[in-house]
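The values are calculated or read from the model by the stated rules, or taken from the named source; none is laboratory data. Please read these numbers as outputs of a predicted model, since none were measured by experiment. So basically every Cβ, Gly included, is an ideal-geometry build from the backbone, and we count neighbours across all protein chains shown.
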Amino acid sequence: METSLDSLGPVDFLIVEFPKGESNFTGEMADELVRLVDAGTVRVIDVLILTKDDDGVVEAMELSDVEELGALQTIEAELAELLAAEDVDKLAAAMDPGSVAGVLVYENLWAAPFASAARRAGGQLIANGRIPIQAIVASIEADENSETEGE
């Protein structure tokens, strides 16, 4: 992966956890990720598949270790394999025992021009965050309930 540091967009990670026996990394989720890559919205930097057994023991697998990648085959060759063993331990701490999770590290290409302009202007990102969709849904439902009760 060759990218000028000056043109690098924000880099994020996410972890998607599945209950034991319910993971499907090569289905619709993989198709959507490839679509985002093909559209130039994101650049995938690293992907790991983590398994946490019932005793809390964690195993990590790179995409290159997976036999059937399906749609993910197109992005596997471009991965930088950025995450180290100590990162795996920190990421797996969020997982439930007996689960499987996919870890995705990606660059937000859509935001790269803005991020570059901010850096050239002398700015630096000092905080960012994400609001979980569950919190948004709960807030909307609470607003709808209060409107209904007020009628």
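Among (1) outside any strand (DSSP E or B); (2) among the aliphatic types (A, V, I, L, M); (3) in contact with a helix residue (DSSP H, G or I) (Cβ under 6 Å, 6 or more places away or on another chain), there is one condition Val103 misses while meeting the rest; what is its number?
(1)
Report yes if some residue within the range 46-69 is touching a residue at least 24 places away in the same chain (Cβ under 8 Å) and closer than 24 Å to Arg119 by Cβ; otherwise report no.
yes
If you scan the range 30-39, which residues turn out to be farther than 20 Å from Leu82 by Cβ and touching a residue at least 40 places away in the same chain (Cβ under 8 Å)?
If the condition is that a residue be farther than 20 Å from Leu82 by Cβ and touching a residue at least 40 places away in the same chain (Cβ under 8 Å), then Asp31 is the only one that fits.
Condition first: farther than 22 Å from Leu33 by Cα and either touching a strand residue (DSSP E or B) at 6+ places or on another chain (Cβ under 9 Å) or in a strand (DSSP E or B) (or both). Now tell me which residues in the range 58-91 satisfy that.
Answer for the range 58-91, where residues must be farther than 22 Å from Leu33 by Cα and either touching a strand residue (DSSP E or B) at 6+ places or on another chain (Cβ under 9 Å) or in a strand (DSSP E or B) (or both): Val58, Glu59, Ala85, Asp87, Asp89.
Across the range 20-29, what is the number of residues that are without any contact (Cβ under 8 Å) to a residue 12 or more places away in the chain and surrounded by 13 or more Cβ atoms within 10 Å (Cβ to Cβ)?
The total comes to 0.
From the list Leu125, Leu82, Leu91, Leu109, exactly one residue is exposed (fewer than 11 other Cβ atoms within 10 Å of the Cβ), hydrophobic (A, V, I, L, M, F, W, C) and touching a residue at least 24 places away in the same chain (Cβ under 8 Å). Which is it?
The conditions single out Leu125.
Residues that are loosely packed, with under 11 Cβ neighbours inside 10 Å and out of contact with any Gly (no Cβ under 9 Å at 6 or more places or on another chain): does the range 113-120 have at least one?
Residues of the range 113-120 that are loosely packed, with under 11 Cβ neighbours inside 10 Å, as a first pass: 117, 120.
Checking the rest, the ones that are also out of contact with any Gly (no Cβ under 9 Å at 6 or more places or on another chain) come to 120.
Scanning the range 113-120, I find at least one residue that is loosely packed, with under 11 Cβ neighbours inside 10 Å and out of contact with any Gly (no Cβ under 9 Å at 6 or more places or on another chain), so the answer is yes.
Of the residues in the range 53-66, how many are at pLDDT 90 or above and under 18 Å from the mean Cα position of the chain (by Cα)?
1
Conditions first: (1) more than 20 Å from Asp31 (Cα to Cα); (2) part of a helix (DSSP H, G or I); (3) modelled with pLDDT of 90 or more. Trp110 passes all but one, so which condition is the exception?
The one condition Trp110 does not meet is (1).
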